[in-house]
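Novice: Take this structure, written in structure tokens, and hold onto it; I'll ask about it next.
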Amino acid sequence: MNPKKKYEKLYNQYLDKIYRFIFIKVGQKETAQDLTHQVFLKAWQRFKNSNLSPINNPSAYFYQVARNEIADYYRKSKNIVPIDDLKNEPVDPNINQEEKIILSNELEKIRIKLLNLPEEYQNVVFLHYIEGYSYKEIGKILQKDENTIRVIAFRGLQQLKNLLSS
Amino acid sequence: MEEKELIRELKIFSKIKPDKNWVVLSKREIFKEEEKTQERFLFPWKVFISTLSIITLLLFAIYFQTNINNKIAEISKNLFAFESKDQKTAQISESIKAINENLNKVEVSLDNIKENKDKINKKEVLGITQVVKNTVQNSKEIAKKIESAPDIKNQKEISKTLGVIVETSDKIREKSEELQIEMIKALISDLSKRSLSLEDSQKLEKAKDYFEKGDIQTAIILLSQIGSY
């Protein structure tokens, strides 16, 4: 299989997950699209030269690039929203109907509270409870011990529950 | 909120999906940027050399056609010149020999273009073959005109060369048309896979119709008007 075909397979496998990850973090459809595009473009540039440094763990790689892109986006953005103010940030009006339903009321509240968790907790909650990855798989993605991930997932969920009831 | 309920609510986020149209566009863009990069950075010398040879081919084809057209103009002038019969015959004989030589070179250029057709922009191939077709049509017409000119009639050597010109012109025309048909089919196939504006889609449909009816020239004009392809 040629590199383009191999990469298309990875693209199809990870696109939705990475888009979701970014969308939940930025809350804007167009920004999510731009950042997701950048992730897959950068990954392809690395992938085609993979004889130099092969991508051994694609899921870890894609999420890492996505986290960097999100961090860059907030760093470059002049209107950095303090994490506590996110509760007042309106959801992007351009999001599609499906996203609107999902992010209505209660879910939007959950999304914003999720962003109030420490970043590591956000990522583990996202990967385990939204994407359904096992602790072992998340350990590989975030390069942490499986037990540590289990603890973070438990604490993350508890903190999120507390934030929602406060 | 209970833990179970929260987990259930979190699961709903997994339904978020990107727009299908955006997915297609994004994927296309990623590989397009890649193709552009390849064009810029991969094998620059190879690309340079092949581009150079293609340009040379096209220039040769244009040069020989221009020569033919100049000779045709000369002959037309000489046919009606008030010069002695011998002088006129000598001049025309020289011109038709030059036409014949240039026609042979056009044929070689055309064969080279055919061999390199994948490296040349299809629209350029269509344009150049159209010029070739018009040129050989002119050569053929002038050959017939000379044959029937009173001062030239019954001159064996000239008649023989004129016969060769007509024959070569027909052969070149046939080859050009074959190449055009091949290019039109490839161009239509390429364009059909692209997302075109409404106006360009309509032109493409019309081009297909004309091509199916055998009107190659109109099909070429319509295809050449489509976008920046």
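Novice: Can you list residue pairs whose Cβ atoms sit under 7 Å apart, with the first residue in the range B:1-29 being over 17 Å from A:TRP44 (Cβ atoms) and the second being open to solvent by less than 40 Å² (accessible area, probe 1.4 Å) and among the acidic types (Asp, Glu)? Count only pairs 6 or more apart in sequence or on different chains.
Specialist: Listed pairs, sorted by first residue: B:SER14/A:GLU131; B:ILE16/A:GLU99.
Novice: Another question, if that's okay. Filter the range A:149-166 down to residues that are closer than 26 Å to A:LYS136 by Cα and in contact (Cβ under 8 Å) with a residue 40 or more places away in the chain and give me whichever is nearest to the other protein chains (Cβ to nearest Cβ).
Specialist: Looking at residues that are closer than 26 Å to A:LYS136 by Cα and in contact (Cβ under 8 Å) with a residue 40 or more places away in the chain, I get A:LEU160.
Novice: Restricting attention to the range B:161-195, which residues are among the polar types (S, T, N, Q), open to solvent by 40 Å² or more (accessible area, probe 1.4 Å) and within 15 Å of B:VAL136 (Cβ to Cβ)?
Specialist: none
Novice: Next up: Name the single residue, out of those in the range A:35-55 being farther than 19 Å from A:GLU8 by Cβ and away from chain B (no Cβ under 13 Å), that is modelled with the lowest pLDDT.
Specialist: Here the residue is A:LEU52.
Novice: With respect to B:LEU198, determine if the residue is of a type in the set (A, V, I, L, M) and open to solvent by 70 Å² or more (accessible area, probe 1.4 Å).
Specialist: yes
Novice: I've got another one for you. State yes or no: is A:LYS113 closer than 27 Å to A:LEU164 by Cβ and modelled with pLDDT of 90 or more?
Specialist: Considered against the rule, which asks whether it is closer than 27 Å to A:LEU164 by Cβ and modelled with pLDDT of 90 or more, A:LYS113 comes out as yes.
Novice: Taking the stated definitions as given, is B:SER148 open to solvent by less than 80 Å² (accessible area, probe 1.4 Å), at pLDDT 75 or above, over 12 Å from the mean Cα position of the chain (by Cα) and closer than 20 Å to B:ILE72 by Cα? Steps first, answer last, please.
Specialist: Working: open to solvent by less than 80 Å² (accessible area, probe 1.4 Å): yes; at pLDDT 75 or above: no; over 12 Å from the mean Cα position of the chain (by Cα): yes; closer than 20 Å to B:ILE72 by Cα: yes.
So B:SER148 fails the test.
Novice: Hey, does the range A:6-20 have a residue that's open to solvent by 70 Å² or more (accessible area, probe 1.4 Å) and within 24 Å of A:GLU119 (Cα to Cα)? Lay out the reasoning, then the answer.
Specialist: Pass one, the range A:6-20, residues open to solvent by 70 Å² or more (accessible area, probe 1.4 Å): A:6, A:9, A:12-13.
Filter again for within 24 Å of A:GLU119 (Cα to Cα), leaving none.
No, the range A:6-20 has no match at all.
Novice: Next question. Between A:ILE18, A:ILE70, which is more than 10 Å from chain B (Cβ to nearest Cβ), closer than 19 Å to A:ILE130 by Cα and under 20 Å from the mean Cα position of the chain (by Cα)?
Specialist: A:ILE70
The values are calculated or read from the model by the stated rules, or taken from the named source; none is laboratory data. Note that the structure is predicted; figures quoted are calculated from it, not measured. As a convention, Cβ positions derive from the backbone with ideal geometry for all residues, glycine included, and neighbour counts pool all protein chains shown. The protein model used for the area step is the full one, side chains on, heavy atoms only, and it has no ligands, DNA or RNA in it. Shrake-Rupley method; radii C 1.70, N 1.55, O 1.52, S 1.80 Å.
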